[in-house]
Amino acid sequence: SVLVGGVTVTNATLHNEDEIRRKDVRVGDAVVVRRAGDVIPEVVRVLPEKRPPAASAFVMAATCPVCGSQVVRQQDEAVARCSGGLYCPAQRRQALLHFASRRAMDIEGLGERLVEQLVEHDVVRTPADLYRLGLLALVQLERMAEKSAGNLLLAIERSRQTTLARFIYALGIRNVGEATARDLARHFGSLDRLLAADEAQLL
């Protein structure tokens, strides 16, 4: 870790594989890091004079290091992704955290540590499984007392009363952020109408 602008930084973004190649960043390189917009740490450039003699070029993994699914990169995209979907524990964790986040379904008490356990013990496989959780399944998890479990179940139940826009956003559909979710909710008016829409109606 390094200190950048008064903040300790342990990870910095290179955005994507194309940027790694453009900046010629290799394994073992010393790099210059800055906080882009005073927020996100990014790699600015390599210090070639400090490059180790055996520094090797970066090679994108062909399979996901978590679930072993194939890593794919769409022709018109810069990002490579695991193709495992919710089969991949890492994607499942992130999908659940996004679903429960404040601007999505706003499920208070469903944080990283708890989601980690729910995925690790295969208690929850999809966001829908959250609504089938019972007290017994929760109290068996580490550091989950009956009162905490009860509070979480109440928070999950409360989340059923939400807007269509929040629900659409919570689903984590690629390229559907909050603004697009609001537009879809306004245009279709109900989940049934949205589900019945064909490709032409969605464009």
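Give the distance, in whole Å, between the Cα centre of the range 153-203 and the Cα centre of the range 74-102.
18
What length, rounded to one decimal in nm, is gained on full extension from Glu142 through to Thr8, with 0.36 nm per residue of separation minus their alpha-carbon distance? Present the calculation step by step, with values, prior to reporting the outcome.
Working: separation 134, 0.36 × 134 = 48.24 nm, distance 3.04 nm.
Roughly 45.2 nm would be gained on extension.
Need the full-extension length gain, His98 to Leu135, defined as separation in residues times 0.36 nm minus the C-alpha distance. One decimal, nm.
11.0 nm
Within the set of other residues whose C-beta is less than 12 Å from the C-beta of Thr180, count the net charge using Lys and Arg as +1 and Asp and Glu as -1. All intermediate terms of the calculation are to be shown ahead of the outcome.
Working: positive: Arg174, Arg182, Arg186; negative: Glu178, Asp183.
Surrounding charge for Thr180 is +1.
To the nearest 10 degrees, how steeply does helix 178-188 sit against the main Cα axis of the chain, on a 0 to 90 scale?
Its long axis makes an angle of about 40 degrees.
Under a 5 Å amide H to amide H cut-off, with H placed in plane at 1.01 Å, what residues pair with Val33 once short-range neighbours are removed?
Val44
How large is the convex hull of the C-alpha atoms of the range 86-158 per residue, in Å³? Walk me through the intermediate numbers first.
Working: hull volume 5.4 nm³, N = 73.
Once divided by residue count, the hull of the range 86-158 is 75 Å³.
Could you tell me how many degrees, from 0 to 90 and to the nearest 10, lie between the Cα long axis of helix 89-100 and the main elongation axis, the longest principal axis, of the Cα atoms of the chain?
The two axes meet at around 60 degrees.
Under 18 Å from the 7 Å Cα→Cβ point of Arg158, by amide nitrogen: which residues of the range 91-111?
99-111
Okay, helix-only estimate at 222 nm for the chain: each DSSP H run of n ≥ 4 adds -39500 (n - 2.57), divide by all residues, round to 500 deg cm²/dmol; what do you get? Walk me through the intermediate numbers first.
On the way: 9 runs with 73 residues, N = 203.
Per the formula, -9500 deg cm²/dmol.
Go ahead and run the numbers for FRET between Asp183 and Asp106, Cβ-Cβ distance against an R0 of 22 Å, rounding to 0.05. Before the final figure, lay out each step's value.
Numbers: r = 21 Å, r/R0 = 0.93.
Using R0 = 22 Å, I get an efficiency of 0.60.
How large is the Kirkwood hydrodynamic radius of the range 1-51, counting all unique pairs of alpha carbons, in Å? Walk me through the intermediate numbers first.
Working: mean 1/r = 0.0879 Å⁻¹.
Computed over the range 1-51, the radius equals 11.4 Å.
Coordinate-derived values only; no laboratory data. This is a predicted model, so every value here is computed, not measured. For neighbour counting, all protein chains shown are included, and Cβ atoms are generated from backbone atoms with ideal geometry for every residue, glycine included.
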